[in-house]
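Visitor: Below is one structure. I have some questions about it.
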Amino acid sequence: MNPPSFDLQAEQTLEAIANALEALEALDDTEIDLIDGVLTLEFEDGGQVILNRQSAANQLWMASPDGPAHFDLVDGEWKNDKTGEELRIALGRALSRKLGQDVKLTD
């Protein structure tokens, strides 16, 4: 994938995820910021989940209490490069554990 195409896909994905997160009532007390390809969720207890664009690797990286994960764009979906799990499912699971309630992210 060439860099402009990756950057565009990554930015659109991060924007869509940020919008989905902002619509979730469970995250009303969570600060959600998307700046320069880095989506940061900061919780009241100071904990964070971070999604960011890694242009050199053509990946999105997630840092969460579940640990780090790297996602490749495969057939139009961001998939974990080790497990094949889709990004939104992995993020929803991490948020569910953090918040103690079921969190599902949809487009």
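The values are calculated or read from the model by the stated rules, or taken from the named source; none is laboratory data. Everything numeric here is computed off the predicted structure, so don't read it as measured data. Positions of Cβ are backbone-derived with ideal geometry, glycine not excepted, and every protein chain shown enters the neighbour counts.
Visitor: Inside the range 42-52, can you point out the residues that are in contact (Cβ under 8 Å) with a residue 40 or more places away in the chain and of a type in the set (A, V, I, L, M)?
Guide: Of everything in the range 42-52, those that are in contact (Cβ under 8 Å) with a residue 40 or more places away in the chain and of a type in the set (A, V, I, L, M) turn out to be 49, 51.
Visitor: Something else: How many residues does the range 1-33 hold that are touching a strand residue (DSSP E or B) at 6+ places or on another chain (Cβ under 8 Å) and closer than 23 Å to residue 79 by Cβ?
Guide: The qualifying residues number 12.
This table checks each residue for (1) within 13 Å of the chain's Cα centre (by Cα); (2) more than 15 Å from residue 10 (Cα to Cα).
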| residue | (1), (2) |
| --- | --- |
| 33 | yes, yes |
| 46 | no, yes |
| 49 | yes, yes |
| 72 | yes, no |
| 78 | yes, no |
| 102 | no, yes |
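Visitor: Which members of the range 32-67 meet the condition of being of a type outside the set (Asp, Glu), at positive phi and loosely packed, with under 15 Cβ neighbours inside 10 Å?
Guide: Listed by number, the residues that qualify are 46, 67.
Visitor: Inspect the range 41-56 for any residue being modelled with pLDDT under 95, more than 17 Å from residue 103 (Cα to Cα) and in a helix (DSSP H, G or I) and give the result as yes or no.
Guide: Taking every residue of the range 41-56 in turn, at least one turns out to be modelled with pLDDT under 95, more than 17 Å from residue 103 (Cα to Cα) and in a helix (DSSP H, G or I).
Visitor: Same structure, new question: Check 61, 78 and return the single one that is touching a residue at least 40 places away in the same chain (Cβ under 8 Å) and part of a strand (DSSP E or B).
Guide: 78
Visitor: Further, regarding this structure: Residues in the range 21-37 that are among the hydrophobic types (A, V, I, L, M, F, W, C), out of contact with any helix residue (DSSP H, G or I) (no Cβ under 8 Å at 6 or more places or on another chain) and in contact (Cβ under 8 Å) with a residue 12 or more places away in the chain: how many?
Guide: Let us first name the residues in the range 21-37 that are among the hydrophobic types (A, V, I, L, M, F, W, C), namely 21, 23-24, 26-27, 32, 34-35.
Remaining after also requiring out of contact with any helix residue (DSSP H, G or I) (no Cβ under 8 Å at 6 or more places or on another chain): 23-24, 35.
Still in the list and also in contact (Cβ under 8 Å) with a residue 12 or more places away in the chain: 24.
Within the range 21-37, residues that are among the hydrophobic types (A, V, I, L, M, F, W, C), out of contact with any helix residue (DSSP H, G or I) (no Cβ under 8 Å at 6 or more places or on another chain) and in contact (Cβ under 8 Å) with a residue 12 or more places away in the chain number 1.
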